[in-house]
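> A single structure is presented below for examination.
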Amino acid sequence: MKKWSYIFMIVGLCIILYPSVNTWLEDRAQSQLLKEAEAESQKPLDLTPVSSGSAVPDYEKISNLLDEGDDETEESTPLDENALQDGEVLGVIRYEKLDIKLPIVEGATKENMKSASVHVTGTQLAGVEDGNMAVAAHRAHKTGRLFNRLNEAKVGDLIEIDQGGKTYQYEVDKIHIVEPTEVWVLNPTEGETALTLITCDPLINPTHRLIVHAILQK
């Protein structure tokens, strides 16, 4: 009987500790990836990459992942060898007011979104004139992790993207709560060089998307 008691205690302890251990492992992976991203952000990068297709399919995959679903869609195959590759580290996003500093990785997959923000494939990169760079991340339950605090964003806040050896500074000008199907948030606006941050809303049992739109400061 004592043996079974010990076994039950160990199993119970493992169940209790699993969320904390899992979060620790993901934070560790994020820290390692951030170091890589900081190094990559200093390297020259083509600001007009060949898109691997429309941004809508990638946004749909991200939307599913933000609802804690599984990415069951097949990986898209880039149409050009110069296109950005899934999992490619592009740079770093910094939103100091909200204590956000994350690597930016190409492509919507469950693995990419565990420890990083992801670039929506088919949208532009930072600094491209008349372009809209879309970046998404989970609104993790742990305070301060990933885009957990994005609901605190305010018009006038500054967001920086380190990419291609440059730092691009954007100012928040619009904040929206939209339906997951509203893909217009990815659209560029002529005369604007924009950045769009995407996460789920509300934090628990999300039904909508929180959109933070910002304009490049010149």
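> Do you know which residues across the stretch 134-173 are hydroxyl-bearing (Ser, Thr, Tyr) and in contact (Cβ under 8 Å) with a residue 24 or more places away in the chain?
Selection gives 168, 170.
> Could you pull out the residue among 197, 203 that is of a type in the set (A, V, I, L, M, F, W, C) and part of a loop (DSSP other than H, G, I, E, B)?
On the way: 197 fails: part of a loop (DSSP other than H, G, I, E, B).
Among 197, 203, only 203 is of a type in the set (A, V, I, L, M, F, W, C) and part of a loop (DSSP other than H, G, I, E, B).
> Please verify whether residue 214 is among the hydrophobic types (A, V, I, L, M, F, W, C), free of Cβ contacts under 8 Å to residues at least 60 places away in the same chain and outside any strand (DSSP E or B), treating the condition exactly as stated.
no
> To continue, here is another question. Tell me, yes or no, whether the stretch 143-151 has at least one residue that is basic (Lys, Arg), modelled with pLDDT under 90 and either buried (at least 21 other Cβ atoms within 10 Å of the Cβ) or under 17 Å from the mean Cα position of the chain (by Cα) (or both).
Kept after step one, since they are basic (Lys, Arg), are these residues of the stretch 143-151: 145, 149.
Okay, now just the ones that are also modelled with pLDDT under 90, so 145.
Going one step further and asking which of them are either buried (at least 21 other Cβ atoms within 10 Å of the Cβ) or under 17 Å from the mean Cα position of the chain (by Cα) (or both), we end up with 145.
Yes, the stretch 143-151 contains a residue that is basic (Lys, Arg), modelled with pLDDT under 90 and either buried (at least 21 other Cβ atoms within 10 Å of the Cβ) or under 17 Å from the mean Cα position of the chain (by Cα) (or both).
> Here's something else I'd like to know. If you check 56, 118, which single one turns out to be at pLDDT 90 or above and closer than 23 Å to residue 188 by Cα?
After ruling out the rest, the residue left standing is 118.
> Continuing with this model, one more query. Tell me, yes or no, whether the stretch 185-200 has at least one residue that is touching a strand residue (DSSP E or B) at 6+ places or on another chain (Cβ under 7 Å) and farther than 26 Å from residue 64 by Cα.
Yes - at least one qualifying residue is present in the stretch 185-200.
> For the stretch 125-168, what are the residues that are out of contact with any strand residue (DSSP E or B) (no Cβ under 8 Å at 6 or more places or on another chain), closer than 16 Å to residue 99 by Cβ and β-branched (Val, Ile, Thr)?
The one that is out of contact with any strand residue (DSSP E or B) (no Cβ under 8 Å at 6 or more places or on another chain), closer than 16 Å to residue 99 by Cβ and β-branched (Val, Ile, Thr): 143.
> How do the strands (runs of 3 or more DSSP E) wholly within the stretch 109-188 filter down when requiring 3 or more residues that are in contact with a Ser or Thr (Cβ under 8 Å, 6 or more places away or on another chain): which remain?
132-136, 158-163
> Residues of the stretch 130-152 being of a type in the set (Asp, Glu) and more than 27 Å from residue 189 (Cα to Cα), which ones?
Correct list: empty.
The values are calculated or read from the model by the stated rules, or taken from the named source; none is laboratory data. On a predicted model such as this, the values are computed, not experimentally measured, just so you know. Neighbour counts run over all protein chains shown; Cβ positions are idealised from the backbone, glycine included.
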